[in-house]
Amino acid sequence: MTQAFRINNGGLVNREKKLSFKFNGKSYFGYEGDTLASALLANGVHLVGRSFKYHRPRGFFGAGVDEPYAIVQLYRNGETEPNIKATEQELFEGLEAKSVNCWPSVNFDIGAINNFLKIFLPAGFYYKTFMWPKSFWYRIYEPFIRKAAGLGVASTKHDNERYEHKYEYCDLLIAGSGPSGLSSAYAAAKNGAKVILAEDKPRFGGSLLTSDVNIGNQSGKDWAEGIIAELKTMPNVLIKNRSQIFGYYDHNMLVMSEKVSDHLPSTKKYHPNKRLWYIRAKEVLISSGSIERPIVFGNNDTPGVMLSSAAKEYLKVYGVLVGRKPLVFTNNDSGYETAIEFKKHGVDPVVLDTRKNPVSEIIDEAKNLGINIKNSYVVVAAQGYKKVKSADIASISEDKKQLGEIENLQCDCICVSGFWTPTIHLASQSGNKTKFKEEIDAFVPGVSKQNETTLGAANGVFTLDETLKTSFKAGSELSKKLTEKDYEIAIPNVVEKKSSQHDKFWCVPLPKGKNYKRFLDFQNDVAVSDIEIALREGYRSIEHVKRYTTLGMATDQGKTSNLNGLQLVSEIENKVVPAVGHTTFRPPYTPVSIGAIVGREVGKHSKPTRKSPMHEWHEKNNAVFVDAGVWLRPRYYKRGDENLFEASKREAKNVRSNVGVCDVTTLGKIDIKGPDSAELLNRVYTNAWLKLPVGKARYGVMLREDGIVMDDGTTTRISENHYHMTTTTAQAANVLSHLEYYLQLVWPELNVNVVSTTEQWAGAAIAGPKSRDLLQKLFPNSDVSNEGLPFMGYMEGDLFGAKARIFRISFSGELAYEVNVESDYGNLMWEKILEVGEEFNIQPYGTEALSTLRIEMGHVAGSELDGRTIPYDNALEGLVSKKKDFIGKRSLQRSAFTAEDRQRIVGVVPLDKQTSIPEGSHLVKDDKAQLPNPKLGHISASCWSVEYDNPFSLAIMKDGKNMIGQKLFAMSPLKNKVIPVEIVSSHYVDPKGERVRS
Amino acid sequence: MLYINCPHCGMRSQNEFSYGGDASVKRPELNKEVSDQEWDDFVYNRKSLRGKHLELWQHISGCRQWIKVERDTATHEIFRTFKADEEVA
Amino acid sequence: MQKYSIFNLVKNAFSNHENWDLAWKDPTPKEEYDVVIIGGGGHGLATAYYLAKEHNITNVAIIEKGWIGGGNVGRNTTIIRSNYMHDENGLFSEFGMDLWRKMSQDLNYNVMFSPRGIINLAHSDAQMNAYARRGNSMRLNGIDAVLLNREQVREIIPMADFSENVRFPIFGGLMQPSAGTARHDAVAWGYARQADSMGVDIIQNCEVTGFDVVAGKIKGIRTSRGNIKAKKVGICVAGSTNILAEKLNMTLPIETHLLQACVSEPVKPVLDNVVTFGAGHFYVSQSDKGEMVMGGDLDGYNSYAQRGNLPTLQHVLTEGIAMMPFLSKLKMLRTWGGIMDMSMDGSPIIDKTHIEGLYLNCGWCYGGFKATPASGWTFAHTIAQDRVHELNAGYSLNRFSTGNLIDEKGLGTKTWIS
């Protein structure tokens, strides 16, 4: 198929390299350097999709980031991506794309029936109907609406692409490589500043690529190429194309998305698809240019109606004619540039200028070329359904209210220019309060809020001469401040055709008896009449208008519609535009890939994984792991066909009858040193610490200031001024910060230092009646007898050459020890324990057996210390000192905390001694009571008691103290279970604690 | 992302810090009689206004020092930072 | 008042929709009202509506600093649920669910309440147990709840990450089938339209600058549009509560923080339910327009900056992809921040105050939107009767002094840790 609309030469595409691609299943050719949009237009394809609401035909409106229409589904390298703007997608060999939001095809779309019903579907119609019958909204109407809405189709496959993040610092970050970006970058670079210049398009140069200007005796384009070439050689300059700075965040941090691979058929090995840059800049220069505004007229959404600047870009950059019978409709001189460009390529345009008698160089040039110009003329409506066939035009009165006779003019495209809107998004995002500039009917940045400076068209400066002067100056001065260098630059001469004023005209009135839809927002189908309804119904704030009509909320984020919307509201409300206000610009400037935002933290790497030094041993020995925060811990060691229940029962039983070993490395460990260490502990824990002798450990509970238990653990006095604190795995980091808070801010007079040693020590708990015998064999030179190392005693020992700390502490309720060695010796310790322990029938045990052991002992853990309980609730009030003050003590006086019937931990046993009580069940008096059924407490932890061989649970229940002996029901409606139970003491095994002391 | 001047380390990005709330709250002294109101004011009640806010941050992935930061809660502008023991004038 | 219906829509179509009435008027404030509600958000508008409807009090003004519905009712992720563990929260929210179910008909405004179900994913047995505790509590309170195992979750949301390459595998989830979403703006507008039709004055662009309190009794308010006398005043300005409290010399157990949310570009229906991630803070649903509506974390420091923050969103979206990897291929379209009243136990306050005739409705944390009808209903009752209803008795201001906390998460006073 020939590219019928490609001119024979001209444009910046590489005609040597033909690329084949498919659109809606049909094959076409384009050239390297094309976008999908330019390649389709070269092939005469104007129908690309359907609109959101009425499913009206959609073509191309722009040539870049502002595109509201040309949204396609892209297929690349076996993957698919929805909502790609054809104007931004570079062509590559084998590209495939399809239209979205149409069925069965873009040519014949059933949804287009909405277009015929459109008088019944004004703004907000859905708020007024679909309410009867009541259940129909969710069942009938909504599913229908959902199906009709949405654009492309999301793939539910995993994304195989890789995305990277990069952090950068620079002196000047420059957003946009048009005339102001290039000149400021050049000036700053010459002063030796570290410069990053970002351009969202593949080609640098911005408007210089398409404008007919001269800079320093070269064409604008050649001048730009020269500057770029020089910047590329400078070591202090980083220039990036295909890189969109989309967000200006706090403290001059900007974020840029670089498309690394989207223009290639597939991502190269070791390359990311996109790269996200977090850039902290000392100064930010916003040279993001401006976007042409449409003029609003009847059926102005018909394919073939497009921005005049886009038509020019397709011609000058891509060598593509958007039509052979173009009509240019303009209120300023920009339209003439497009018309002249057409004429130069042998196409005769007609220009309709809303102005009565504009005078300027460029208009003279157009006249000299013999271009047909009609002044005081407007397009009333486009005619044609899937493509513009003609235009209804008319003269317009000076007050712009009266239309003359309607004439019909044959044309195949309408190129519209309603003047220019500065791209002020980044400035506004930085906190800059923008101001309305009457002369250009648009907002420009006001006083800088962060270190941002806006230049050129983005600042409402539309002459090249002034743009270059101010930009060279800004680049030079801002960099001078930082580098203290002052390189003098001769500002080049500029030849630019002077232009005249634009006409403050943006919307063509409706002719009598006609009710054309005049669209403001092309993707969301928001027309002038919709805004009128919203205002008529009292939705008068611009935010109400926006929300009620969805104006500016499509994927183009209102780049071509916001200002016209504001104009309309100001006209109807009879207010000036700034009084109507404008919706604040928020990042992102343009939609950003979520994959790029997330970067490499996906899959297994979405959060870090912490492993103990013995992890590999556990893996080799069939450990089944469980996540404990970000740690992985062995839950049980599977033997044969055992399940969790069987394995954990075996492991727990072996602890009770022989000896077991458990990896406790994950417990938080904090080294505490200094003469006031005991005083600190005394203030942090609820119990007394001043008299703990050297070589002794003590169990302690610490509270938050609100009286709730924060954590528990043992702390050991290693030497006179040296303590070793352990915390739970979950709270390790919080406890350290907590101690540092009090030491640095509240009690700076305490001479204490704290540091985390969690990762310095590997820990093994050895528990069971035979643990002492084993310990003696491990440490043959130490006296580990009951006298030599009594309960809560501590000593140091030599473990096959490794220095070890031995604590006689117990979580399982058995005679037990904990051995710590430096992490590097963790494996040695572990293997020796198992080797030496073999004769005592040692088995490793996991967290599940550990739970069983602690539950039947009535020891509390995370499921009881859940951030809602006080010491009394956990039967720990014995550890609460009445004599001294400590963190959170005052809160314990509160009435609910001292209530007679305060909740308290109890034990729960099923009456049948058979049925396990699911954790999370609730205790009730009457299982058949009416709902809501009063709950007396909940089951916090359940196990199979290996001591008594029946189920046993812990519960936190109201008035637990007086509930022992009560017969209640444990209910789990989720699992359809009602279990008759008896409340018993939480200390189910060895209530006197004799074993740990044996 | 905020850019915080740690008085010990210099300018660092916010992700090295963890937040610690209102720095104007003073803990009642230990072993002192405290009324319910005073205690609630310490534990629960906060002004949390729009505008200047003196607050605590800990340079948790750096020097681990708690510092005081004077910041605007609407614009996030940071005016001054202080060491833990520095008096805020 | 014009009735909204398909018949009226067709009828108006033939007159070019030129005959629709104002949804609400734009009155100038009167000198005195029986009740002034400060805050034209969802809760304030609902309060005015129920004052008129349930208590026949219609000499009411709503005073709004900006435009109605511009606060959190227009800046949330539209989730409606009653899946709470504590009785106070569960029973209150379930009462609200009933109001949601009939809201479109009650207000004659389609708020698009859509009971598409919410699933809280669990990633460990411990979390399954915690969810069981919550779900059983819900069931015993008469609220629907289902505990799903991994396979059951997979059947409903197969696009969640069930692969091997996952950091926190899905163990199962807690589902409340009757939970869902609604069109947030419509809720504000629907309440406003009905309140207006019953005589309530909706006064926009009117900032409260002070209060007139004499001998412990409220007498009126001062505003940018003059003084307004009032027999009773209800404060309903979550997100700005601390600012008004200062004008009353009150210090509240509330901090003001920013919650981040964003939407993706619209795509064809792919996700039918609301889903939350269990190994972090991320939730997602798909709007009727096709956008994936996503939210999660607080910025983590006191804030009134109503704007998106990429580092926080990066964190949120990382969890999003961990839960549903396909989100990676979508694009983030809009981001925003909502200012939250973060109370010190995560639950709200609806109560009288020490000033006679002054009532307080605040502290909604992340849960304000779904509470809109129940909050309005109980607040109206509290104001009209000068006593709390049993549904909001737990939401007292003095529960912090007494220790009767309602802490669903067990995080305590560090409100910035979400």
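The values are calculated or read from the model by the stated rules, or taken from the named source; none is laboratory data. What you see is a predicted model, and the numbers here were worked out from it, not measured in a lab. Here the Cβ positions follow ideal geometry from the backbone for every residue, glycine too, while neighbour counts run over all protein chains shown. Remember, those area values only see protein heavy atoms, side chains included, never the ligands or the DNA or RNA. Shrake-Rupley method; radii C 1.70, N 1.55, O 1.52, S 1.80 Å.
Observations on the structure shown:
- Residue pairs exceeding 28 angstrom between C-alpha atoms, taken from A:Lys118/A:Lys546; A:Lys437/A:Lys498; A:Lys469/A:Lys497; A:Lys221/A:Lys259; A:Lys98/A:Lys607; A:Lys17/A:Lys316: A:Lys98/A:Lys607.
- Exposed-site-free run, longest, chain A (rule: GluC sites (Glu not before Pro); DSSP loop; at most 11 other C-beta within 10 Å): A:1-397
- Across peptide B:33-43, the mean count of Cβ atoms from other chains lying within 10 Å of each residue's own Cβ comes to 4.
- Share of carbon and sulfur in the accessible area of chain A stands at 50%, probe radius 1.4 Å.
- Taking Lys and Arg as +1 and Asp and Glu as -1, the other residues whose beta-carbon sits under 11 Å from that of C:Arg387 total -2.
- For the segment A:860-872, counting C-beta atoms of other chains within 10 Å of every residue's C-beta and taking the mean gives 2.
- Globularity ratio of segment A:75-188, using Cα Rg and 2.2 N^0.38 Å: 1.70
- Equivalent ellipsoid semi-axes, segment C:348-418, via Cα gyration tensor eigenvalues times 5, rooted, Å: 22, 15, 10
- Dipole of segment A:898-998, positive direction: furthest Cα of A:Ile979, A:Ser945, A:Ala899, with charges on the beta-carbon: A:Ala899
- Probing with 1.4 Å while keeping every protein chain in the model, the per residue accessible area of the protein assembly as shown equals 36 Å².
- Over 31 Å (Cα to Cα) - which of A:Lys18/A:Lys387; A:Lys201/A:Lys514; A:Lys343/A:Lys433 fall in this group: A:Lys201/A:Lys514; A:Lys343/A:Lys433
- Placing +1 on the Cβ of every Lys and Arg and -1 on the Cβ of every Asp and Glu, with no other charges, gives segment A:79-178 a dipole of roughly 1040 debye about its Cα centre.
- Assigned charges on the beta-carbon of Lys, Arg, Asp, Glu; chain B dipole about Cα centre (debye): 360
- Centre-to-centre separation between the Cα atoms of segment A:5-54 and those of segment A:885-912: 74 Å.
- Take the accessible area of chain A alone and of chain C alone, subtract that of the pair, and you get about 10100 Å² summed over both chains, using a 1.4 Å probe.
- Projected area averaged over orientations for segment A:214-263, convex hull of C-alpha atoms, nm²: 5.5
- For segment A:558-648, the spread of Cα positions along each principal axis, largest first, Å: 82, 26, 18
- Interface burial for B against A (accessible surface, 1.4 Å probe, total of both chains, Å², rounded to 100): 2400
- For segment A:271-323, alpha-carbon Rg over 2.2 N^0.38 Å: 1.79
- Rg to Rh quotient for segment A:578-726, alpha carbon positions, Kirkwood Rh: 1.19
- Per-selection Kirkwood Rh - segment A:898-998 (Cα, Å, 1 d.p.): 13.9
- Nearest-0.05 FRET efficiency for A:Glu16 and A:Lys504, computed from C-beta distance (R0 60 Å): 0.80
- Average projected area [Cα convex hull, segment A:806-945], square nanometres: 13.2
- The distance from the alpha carbon centre of segment C:89-126 to that of segment A:592-607 is 32 Å, rounded to a whole number.
- DSSP bridge orientation in chain A - percent antiparallel, rounded to nearest 5: 75
- Compactness of chain A was expressed as the Cα radius of gyration divided by 2.2 N^0.38 Å, which yields 1.25.
- Gyration tensor (Cα) of segment A:14-148, equivalent ellipsoid semi-axes in angstrom: 35, 15, 12
- Segment C:72-148, Rg to Rh (Cα coordinates; Rh as Kirkwood inverse mean 1/r): 1.02
- Average partner coverage of C:67-79, which counts Cβ from other chains inside 10 Å: 2
- Protein-protein interface of segment A:100-131, residues with accessible area decrease of at least 20 Å², isolated chain reference, 1.4 Å probe: A:Ile119, A:Phe120, A:Pro122, A:Tyr126, A:Tyr127, A:Lys128, A:Thr129, A:Met131
- In chain C, one over the average inverse separation of all distinct C-alpha pairs is 22.0 Å, which is the Kirkwood hydrodynamic radius.
- Among C:Val153, C:Ala132, C:Asn108 the positive-end extreme of the charge dipole of segment C:95-167 (Cβ point charges): C:Asn108
- Point-to-point label distance, C:Thr28-A:Leu117, nm (Cα→Cβ direction, 7 Å offset): 4.6
- Distance distribution P(r), segment A:672-785, all Cα-Cα pairs, bin width 10 angstrom from 0: 12, 40, 31, 13, 3 percent.
- Segment A:325-371 and segment A:630-708: distance between their alpha carbon centers, rounded to Å: 83
- Of every Cα-Cα pair in segment A:122-186, the percent that sits beyond 13 Å: 80
- Net charge of neighbours whose Cβ lies under 10 Å from the Cβ of A:Lys282, counting Lys and Arg as +1 and Asp and Glu as -1: +1
- Placing +1 on the Cβ of every Lys and Arg and -1 on the Cβ of every Asp and Glu, with no other charges, gives the protein assembly as shown a dipole of roughly 2200 debye about its Cα centre.
- Positive-end residue of A:Gly700, A:Ala123, A:Ile489, charge dipole of chain A with Cβ unit charges: A:Ala123
- Nitroxide proxy distance, nm - points 7 Å out along Cα→Cβ at C:Ile156 and C:Asn8: 3.7
- Each distinct pair of alpha carbons in segment C:295-356 adds a 1/r term; the inverse of their mean, the Kirkwood radius, is 14.3 Å.
- Amide N of segment A:793-829 lying under 18 Å from the label point, which is placed 7 angstrom from the Cα of A:Lys992 along Cα→Cβ: A:813-815
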